[in-house]
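Each remark here refers to the structure printed beneath this line.
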Amino acid sequence: MPEPLSNEQAITRSPAQEATALDVARRLTGIAASPGLGIGPAFVLRPPDLTFEAQTAGADAAEQSQRFADALAKSRAELGDLRGRTAQKLGEEHAEIFDAHLLMLDDPELLEQVEAGLQQGQSAETALSQVSDTFIAVFETMEDEYMRERAADLRDVRNRVLAHLLGRPLTSLGDLREPAVLVAHDLTPSDTAALDRSLVRGIVTAVGGRTSHSAIMARGLGLPAVVGAGEAALTLASGTPLIVDGELGRVLVEPGESALAEAQTRAQVYAERRERLLALVGTEGRTRDGERIELAANIGSPGDLPIALEYGAEGVGLYRTEFLYMAQDRLPTEEEQFAAYRQVLEGMAGKPVIIRTLDIGGDKAAPYLNLPEEENPFMGFRAIRLCLARPDIFRVQLRALLRASVYGNLKIMFPMVATMEEFREARSLLEEERARLQTEGVAVAEHIPLGMMIEVPAAAVLAETFAQEAEFFSVGSNDLIGYAMAADRMNEQVSGLYQPLNPSVLKMIALTCEGARKHGRWVGVCGEMAGDRLAMPLLVGMGVTELSMSAPALLSRREQLLNLDLGQAREVAAQALTLGTAAEVEALVHQAYGEAVAAPATARE
């Protein structure tokens with residue numbers, strides 16, 4: 001029998017835990033990345049041995065440059081093949097990750113720095129590793145989770161090139177022959193391309209978050225997954241019996257018969273619940289007493305549309321256009337942006353699509369912009385501030401949006417607006433580009449609703465004034481909470497202050513709804529609060545009429561909404577606004593709704 005797991009995430013049993021069969025087994029805990037239960041023996045994907053002796057001087061530059069060029073060429077050919085296989089297996093949207101990998105192979109800054117190392121006498125392996133490690137470290141220190149996860153993509157690209165330089169083949173999931181739970185440090189896009197869905201019962205990775213490639217792919221494949229389970233996962237021997245609980249974020253190691261029986265029962269309950277929820281696709285979002293609440297999806301690219309529609313999105317409540325800018329080493333052209341916006345608008349077939357203009361800066365980097373380093377970038381030169389200071393960039397995006405407007409139901413939203421002057425200046429630039437396009441004979445939709453995000457407390461306080469000119473508001477709860485509480489949720493020292501249910505945060509949202517209502521405007525929420533089962537009745541009760549969230553949360557929230565009484569929600573929200581702490585608000589919601597807001601035993605969110 002293997003030794004007990006000993007990393008900081010391994011959990012020991014307590015007498016109280018013995019009462020439940022599923023708690024008897026030793027377990028690893030991580031992040032619940034993809035729902036469901038997977039049962040099977042471990043198949044541990046060991047990382048490749050890419051060690052080498054560094055050579056920092058004396059190597060022949062011409063020879064090393066040719067070796068590096070040959071390794072790049074082989075890597076490009078492999079990635080092209082993997083892209084085609086992934087598109088065939090998972091669809092075009094998942095294959096797009098390899099486009100990013102190919103761009104990394106051709107990144108001029110990376111290649112120039114490697115070449116500089118070669119000219120200094122470094123071996124190709126040494127130069128590539130030193131340069132790529134520097135880039136990886138930069139990604140890993142970014143605040144934005146999406147950008148941190150891109151470090152894994154660059155690591156995958158580096159390992160592929162290194163393997164060719166060293167003449168060592170990369171390990172492959174092609175070795176998997178029997179049904180198993182896949183265990184790995186992390187799954188790269190290359191791994192996924194070789195994955196046989198019929199043989200994988202679940203996925204466990206030592207690192208990663210909900211936006212990591214492993215998590216995204218697991219959800220796309222419908223496989224239960226736990227990510228960020230710690231390095232102890234890699235100490236497991238292949239063949240070790242496992243239960244992957246993708247709803248609770250835990251992995252049970254060598255479960256006994258009772259634990260297996262309970263897991264199988266829960267798996268059946270989960271499958272039945274999933275079928276029940278899928279039956280709600282196409283059902284209009286309404287409260288039990290008929291109040292219309294639109295349930296929309298947040299997306300980052302056209303490739304996210306299929307899953308949004310699969311889960312019944314009634315629209316796109318937030319299209320994060322910054323990923324168009326961050327996925328390459330130059331500004332996207334007007335034509336590239338127009339094509340992406342048109343694809344989303346056409347794909348939603350008349351359903352509303354809210355496209356947020358460029359929100360870059362802070363933790364969202366585009367190195368080619370050469371933005372100044374700032375002590376506090378979250379409160380610095382970003383989003384609408386950057387766009388107004390760089391109208392050459394902003395006007396290109398506005399033109400692309402206006403041109404795309406005739407292909408669907410477009411609404412445009414400005415991010416991080418703090419003053420009326422900012423909103424008016426941005427609107428003025430939009431109208432100037434509209435006039436130019438019409439002069440050029442280019443068709444533009446007659447009316448495009450223009451709104452703004454409420455994420456700066458100053459905007460919430462002045463919501464009634466803004467509502468005289470902005471046609472809708474969308475509360476960016478992630479930033480609003482951070483700014484209101486002066487707490488960075490990624491900072492472990494103060495993350496406890498990041499409280500979505502704090503009465504001060506709720507009052508800002510209530511103030512926004514009140515100001516909007518006085519001028520006949522509507523309010524949506526597009527941050528994490530929108531998909532929170534505890535926050536939903538409060539938001540609806542305060543007057544929010546649109547909730548935009550990650551696609552997998554849509555069906556659970558639709559089920560909850562259909563059983564929600566608006567009158568009661570208003571009473572509970574009003575009472576919550578009189579309380580003093582987030583804990584008191586949470587207790588109130590639990591008291592008012594009981595099981596309706598409890599995390600389902602088969603689908604903890």
- line: Quick note on R382, R356, ordering by fewest other C-beta atoms within 10 Å, gives R382, R356
query: Based on the alpha-carbon gyration tensor of the stretch 61-166 and its eigenvalue square roots a ≥ b ≥ c, which shape applies: rounded if a/c is under 1.5, prolate if not and a/b is larger than b/c, or oblate?
result: oblate
task: Please order T29, T578 by the number of other Cβ within 10 Å, starting at the fewest.
output: T578, T29
query: Which value, in Å to one decimal place, does the Kirkwood hydrodynamic radius take for the stretch 216-318 when every pair of different Cα atoms is included?
result: 16.8 Å
query: Volume per residue, Å³, of the convex hull around the alpha-carbon atoms of the stretch 294-448?
result: 117 Å³
message: What aspartates and glutamates does K518 reach when the alpha-carbon gap must be under 14 Å and sequence neighbours fewer than 8 apart in one chain are set aside?
response: E464, E469, E471
- prompt: Between E272 and T419, 0.36 nm times their residue separation minus their Cα-Cα distance comes to what?
  reply: 47.9 nm
message: What distance in nm separates the two pseudo spin-label positions at E346 and R177, each 7 Å out from Cα along the beta-carbon direction?
response: 4.7 nm
field: Cα centre as origin, Lys/Arg/Asp/Glu Cβ charges: the stretch 294-448 dipole, Debye
entry: 260 debye
task: Would you list which aspartates and glutamates come within 14 Å of K74, measuring only between C-alpha atoms, while excluding same-chain residues fewer than 8 positions from it?
output: D106
message: Please give the charge dipole size of the stretch 38-119, origin at the Cα centre, charges +1 on K and R Cβ atoms and -1 on D and E Cβ atoms. Round to the nearest 20 debye.
response: 480 debye
message: Given the options I97, S123, V138, identify the residue whose Cα lies farthest towards the positive end of the charge dipole of the stretch 61-166 (+1 on Cβ of Lys, Arg; -1 on Cβ of Asp, Glu).
response: S123
Ratio of the Cα radius of gyration of the stretch 29-89 to 2.2 N^0.38 Å, where N counts its residues: 1.87
- prompt: Binning every alpha carbon pair distance of the stretch 435-544 at 5 Å from zero, what are the percents per bin?
  reply: 2, 12, 21, 20, 14, 10, 7, 5, 4, 2, 1, 0
message: If the only charges are +1 at each Lys and Arg Cβ and -1 at each Asp and Glu Cβ, what is the size of the charge dipole of the chain around the Cα centre, to the nearest 20 debye?
response: 1320 debye
task: Return the inverse of the average 1/r over all pairs of distinct C-alpha atoms in the chain, which is the Kirkwood hydrodynamic radius, in Å to one decimal.
output: 25.9 Å
- prompt: According to a simple spin-label model (label point 7 Å from Cα along Cα-to-Cβ), what is the distance in nm between T51 and A339?
  reply: 4.6 nm
statement: Bounding extents of the stretch 320-407 in its principal axis frame from Cα atoms, largest first in Å, are 44, 21, 21
- line: Length gained, E284-T134, 0.36 nm per residue minus C-alpha separation, equals 49.1 nm
query: Using the count of nearby Cβ atoms within 10 Å as a rough guide to exposure, how do Y368, Y325 rank from fewest to most?
result: Y368, Y325
- prompt: In the chain, what % of DSSP beta bridges are antiparallel (nearest 5)?
  reply: 35 percent
- request: Any chance you could run the full-extension gain for A69 through L388? It's 0.36 nm times the residue separation minus the Cα-Cα distance, nm to one decimal.
  value: 110.7 nm
task: Work out the FRET efficiency for K507 and N563 from their Cβ-Cβ distance, taking R0 = 22 Å, and round it to the nearest 0.05.
output: 0.25
query: At A61 and T235, where each label point lies 7 Å from the Cα along Cα→Cβ, what is the point-to-point distance in nanometres?
result: 4.8 nm
message: Rounded, prolate or oblate for the stretch 489-572? Axes are the square roots of the Cα gyration tensor eigenvalues, ordered a ≥ b ≥ c, and the cut-off for rounded is a/c under 1.5.
response: oblate
field: the chain, helix-only ellipticity at 222 nm - DSSP H runs n ≥ 4, -39,500 (n - 2.57), divided by all residues, nearest 500
entry: -14000 deg cm²/dmol
field: Vicinal HN-Hα couplings computed from phi for the stretch 481-488 (Karplus, 6.51 cos²θ - 1.76 cosθ + 1.60; Hz; Gly/Pro x)
entry: 5, x, 5, 5, 9, 6, 9, 8
query: Which FRET efficiency, nearest 0.05, do A443 and S495 yield, Cβ-Cβ r, R0 45 Å?
result: 0.40
message: Residue by residue through the stretch 104-121, what is 3J(HN,Hα) from phi via Karplus (6.51 cos²θ - 1.76 cosθ + 1.60, θ = phi - 60°)? Round to whole Hz and write x for glycine and proline.
response: 4, 5, 10, 4, x, 5, 5, 5, 5, 5, 5, 4, 4, x, 5, 5, 8, x
task: Please give the peptides 235-244, 34-43 ranked by average Cβ packing (other Cβ atoms within 10 Å per residue), highest first, as a rough proxy for protection.
output: 34-43, 235-244
field: FRET efficiency estimate (nearest 0.05) - Cβ-Cβ, D99 to S428, R0 35 angstrom
entry: 0.45
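Taken together, the values in this text are just the output of simple stated rules run on the coordinates, not laboratory data. In this text the structure is predicted, and so the values were computed from the model without any measurement. Using ideal geometry, Cβ is built from the backbone for each residue, glycine included, and neighbour counts are taken over all protein chains shown.
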